[in-house]
Amino acid sequence: VTQNIYDDPTFFSGYNQLDRSKHGLDGAPEWASLRALLPPLAGLRVLDLGCGFGWFCRYAHAQGAAHVMGLDVSENMLERARHMSERLEITYERQDLSELDLPAASTDLIYSSLAFHYIEDFTALMKNVVHALAPGGRLVFSIEHPIYMAPSQPDWQINADGIKTWPLNSYQIEGPRTTNWLANGVLKYHRTLGTTLNTLIQCGLRVTHVEEWQPSAEQLTPNPQWREELDRPMFLLIGAQLDSGRL
Ligand SMILES: C[S@@+](CC[C@H](N)C(=O)[O-])C[C@H]1O[C@@H](n2cnc3c(N)ncnc32)[C@H](O)[C@@H]1O
């Protein structure tokens, strides 16, 4: 079931206030780590799944990508993306990642930032990704880390001694998680780390990098409040590649 929460006015106005909405890629603390997983983009055909405001599409365009396309289910997000990309050769289309219809072997890089955890059937999504990737093509994506997503009450707990812990429960119970982040009843889908990685492998992708993101020392100095990210991972970043078909 696709909820399309980004077209909910309350959620959308809250999302607009986030640093990553106001400052783009540089407002996202995990961007430098995700960028490090990317191949040189010049000349590549790039597809961004769940492109949001199109920050990455514009980055790929500026890096000299041959063709850039962003897909999203939210009209709100696409409208802003188109507005911010005026006069740039970037194609934005409304497509639900749960029902992707992509030409075979048409893409060199499929990128996605923080969108796949909204998708219930990850296997179907990865089959579509593999179908759309050209031989040797890459997949680079981030999702909320399953330790972050799994709990029924995903918020810090502080005990009588002042010790702060993350209340991990239900980790092995995969499926829907409903939270009240920015709006009530936001629906996401939890999968274990094993399921995520095994799905990639079973769909024929070679996993090249797995990162349970944490802030760097350089980031912690000006942002000491991010130290809590060392207590549990918030983001999972993954790089994978389709075999080139050559021996
Ligand atoms: C957290 S935002 C990230 C936006 C952008 N990738 C970024 O990092 O700035 C998640 C995006 O995924 C999109 N999305 C969620 N479910 C989707 C679906 N079923 N099909 C297509 N896009 C979806 C949302 O509309 C939203 O734009």
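Against the definition (more than 18 Å from Leu205 (Cα to Cα), among the hydrophobic types (A, V, I, L, M, F, W, C) and in contact with a strand residue (DSSP E or B) (Cβ under 7 Å, 6 or more places away or on another chain)), how does Phe116 come out, yes or no? Criteria not met by Phe116.
Going residue by residue through the range 81-103, is there one that turns out to be surrounded by fewer than 13 Cβ atoms within 10 Å (Cβ to Cβ) and near the ligand (Cβ under 9 Å from one of its atoms)?
We begin by selecting, within the range 81-103, every residue surrounded by fewer than 13 Cβ atoms within 10 Å (Cβ to Cβ); these are 83, 86-87, 89, 93-94, 99, 101, 103.
Cutting the leftovers down to near the ligand (Cβ under 9 Å from one of its atoms) gives us 94, 99.
Within the range 81-103, one or more residues are surrounded by fewer than 13 Cβ atoms within 10 Å (Cβ to Cβ) and near the ligand (Cβ under 9 Å from one of its atoms).
Filtering Trp213, Trp166 for residues that are surrounded by 13 or more Cβ atoms within 10 Å (Cβ to Cβ), closer than 22 Å to Ser113 by Cα and modelled with pLDDT of 95 or more leaves a single hit, Trp213. Here Ala60 fulfils each of the conditions (1) of a type in the set (Gly, Ala, Ser); (2) within 11 Å of the ligand (Cβ to nearest atom); (3) on the phi < 0 side of the Ramachandran plot apart from (2). Taking the numbered list (1) in contact with a strand residue (DSSP E or B) (Cβ under 8 Å, 6 or more places away or on another chain); (2) within 10 Å of the ligand (Cβ to nearest atom) in turn, Thr107 passes all entries but (2). Of the numbered criteria (1) within 13 Å of the ligand (Cβ to nearest atom); (2) in contact (Cβ under 8 Å) with a residue 40 or more places away in the chain; (3) assigned to a strand (DSSP E or B); (4) within 19 Å of Ser142 (Cβ to Cβ), the one Gly52 fails is (3). Between Met69, Met77, the distinction of being away from the ligand (no atom under 12 Å from the Cβ) and either in a loop (DSSP other than H, G, I, E, B) or in contact (Cβ under 8 Å) with a residue 24 or more places away in the chain (or both) belongs to Met69 only. Selection of the range 61-108 for residues being basic (Lys, Arg) and over 18 Å from the mean Cα position of the chain (by Cα) yields Arg80, Arg82, Arg87. Go through the residues of the range 121-136 one by one and say whether even a single one is among the small types (Gly, Ala, Ser), in contact with a Pro (Cβ under 8 Å, 6 or more places away or on another chain) and part of a loop (DSSP other than H, G, I, E, B). Within the range 121-136, none of the residues are among the small types (Gly, Ala, Ser), in contact with a Pro (Cβ under 8 Å, 6 or more places away or on another chain) and part of a loop (DSSP other than H, G, I, E, B).
Taking the condition of being under 18 Å from the mean Cα position of the chain (by Cα) and more than 10 Å from the ligand (Cβ to nearest atom), how many residues in the range 110-131 meet it? Step through it out loud before you land on a result.
First, pick out the residues of the range 110-131 that are under 18 Å from the mean Cα position of the chain (by Cα): 110-130.
Filter again for more than 10 Å from the ligand (Cβ to nearest atom), leaving 110, 121-124, 126-130.
Number of matching residues: 10.
Is it true that Asn198 is without any contact (Cβ under 8 Å) to a residue 40 or more places away in the chain, within 30 Å of Pro9 (Cα to Cα) and exposed (fewer than 15 other Cβ atoms within 10 Å of the Cβ)? No.
With the requirement that a residue be of a type in the set (Ser, Thr, Tyr), within 21 Å of Arg20 (Cβ to Cβ) and touching a Leu at 6+ places or on another chain (Cβ under 8 Å), what does the range 99-158 give you?
In the first step, residues of the range 99-158 are kept if they are of a type in the set (Ser, Thr, Tyr); the result is 106-107, 111-113, 118, 123, 142, 148, 152.
Restricting the remaining residues to those that are within 21 Å of Arg20 (Cβ to Cβ) gives 111-113, 118, 142, 148.
Across the range 99-158, the qualifying residues are Tyr111, Ser112, Ser113, Tyr118, Ser142.
The values are calculated or read from the model by the stated rules, or taken from the named source; none is laboratory data. Predicted, not measured: the structure shown is a model, and the values here were computed from it. Note: ideal-geometry Cβ built from the backbone for every residue, glycine included; neighbour counts use all protein chains shown.
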